[in-house]
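See below for the structure under consideration.
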Amino acid sequence: MRKQPQTLVIGGTQVASGKSLLTLALANVLTNWKMTVTIVSCNYQTVTWRTIQKHHCHEWQSDIRTANELNNFWIALQGVQTDYLLIDLDSTGPKHDNYTWLLNECWLPLAQQIILTYSTETDVNTLLYQDLGALQFSMEYTLTNPKIYTVLNRYPAPVAVRSAMTASDLLPFHRQFQTRHAEFAAMNLEPLGMLTDARQHPEKVLADATQILTARFIIKLAKYF
């Protein structure tokens with residue numbers, strides 16, 4: 001039987017939240033650990049596949065504009081030979097017609113974890129509420145309950161709406177959010193960490209990604225070491 005890849009969906013509807021940076025950083029760390037990684041960058045009309053193994057990278061594209069193309073994409077997902085499948089979602093998210101189909105047919109049936117990313121300077125409360133609301137319906141439809149993590153990016157937001165949230169704010173914020181929004185009580189939500197501002201300290205981004213991968217057993221290292 002073919003080994004199923006570990007699948008992480010990196011999403012969230014904030015523009016310039018650091019999703020692609022986090023995806024690439026996670027892929028870099030995993031390939032350094034001798035894993036095969038496939039990144040699926042999805043903008044809801046075309047999908048770019050990038051399989052990275054050792055020092056080799058193979059890239060191709062799929063269109064997902066029509067029902068037939070979506071079905072072919074679903075079939076292609078079933079045949080991916082990789083240790084880790086990282087789904088990098090475009091910020092358009094729930095605003096695009098293909099979002100719900102992809103969530104119901106592809107992402108949720110595959111995903112063990114979902115990571116939602118936001119800038120520390122944005123209105124995380126409102127964005128998280130919107131993103132969880134979009135996920136909740138599809139999770140009930142697919143009878144799935146993946147672990148949902150939040151990662152905050154210290155890179156400045158395009159339009160800052162608040163003073164930057166700090167690492168010490170993460171747990172109190174999540175406790176307050178879950179108290180205010182009991183409708184999400186059944187969702188398996190917790191903060192995972194922060195990503196360094198890549199402009200200020202690019203050398204620390206990989207260290208952050210390593211910590212994110214090993215925290216909360218998001219990766220089972222015992223199998224490989």
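A few comments on the model shown:
- Residue match in the stretch 50-73 (condition: within 20 Å of PRO146 (Cα to Cα) and either out of contact with any helix residue (DSSP H, G or I) (no Cβ under 8 Å at 6 or more places or on another chain) or open to solvent by 30 Å² or more (accessible area, probe 1.4 Å) (or both)): no
- SER41, sole failed condition from (1) open to solvent by 20 Å² or more (accessible area, probe 1.4 Å); (2) touching an Asp or Glu at 6+ places or on another chain (Cβ under 7 Å); (3) part of a loop (DSSP other than H, G, I, E, B): (3)
- Filter pass, THR23 being in contact (Cβ under 8 Å) with a residue 24 or more places away in the chain, open to solvent by less than 50 Å² (accessible area, probe 1.4 Å) and either assigned to a loop (DSSP other than H, G, I, E, B) or over 30 Å from PRO156 (Cβ atoms) (or both): no
- When TYR129 is tested against (1) modelled with pLDDT of 90 or more; (2) touching a Ser or Thr at 6+ places or on another chain (Cβ under 9 Å), just one condition goes unmet, and that condition is (2).
- Taken over the stretch 78-125, the criterion of being open to solvent by less than 50 Å² (accessible area, probe 1.4 Å), part of a loop (DSSP other than H, G, I, E, B) and without any contact (Cβ under 8 Å) to a residue 40 or more places away in the chain is satisfied by GLY79 alone.
- Selection from the stretch 6-18 of residues that are open to solvent by 10 Å² or more (accessible area, probe 1.4 Å) and at pLDDT 90 or above: GLN6
- Taken across the stretch 133-153, residues that are within 22 Å of THR210 (Cα to Cα) and open to solvent by 30 Å² or more (accessible area, probe 1.4 Å) do occur, with at least one present.
- Some residue of the stretch 187-196 being open to solvent by 60 Å² or more (accessible area, probe 1.4 Å) and out of contact with any strand residue (DSSP E or B) (no Cβ under 9 Å at 6 or more places or on another chain): no
The values are calculated or read from the model by the stated rules, or taken from the named source; none is laboratory data. Quick caveat, the model's predicted, so the values are computed rather than measured. Every residue, glycine as well, gets a Cβ built from its backbone with ideal geometry; the counts of neighbours run over all protein chains shown. Surface areas here come from the heavy atoms of the whole protein model, side chains and all, with no ligands, DNA or RNA. Shrake-Rupley method; radii C 1.70, N 1.55, O 1.52, S 1.80 Å.
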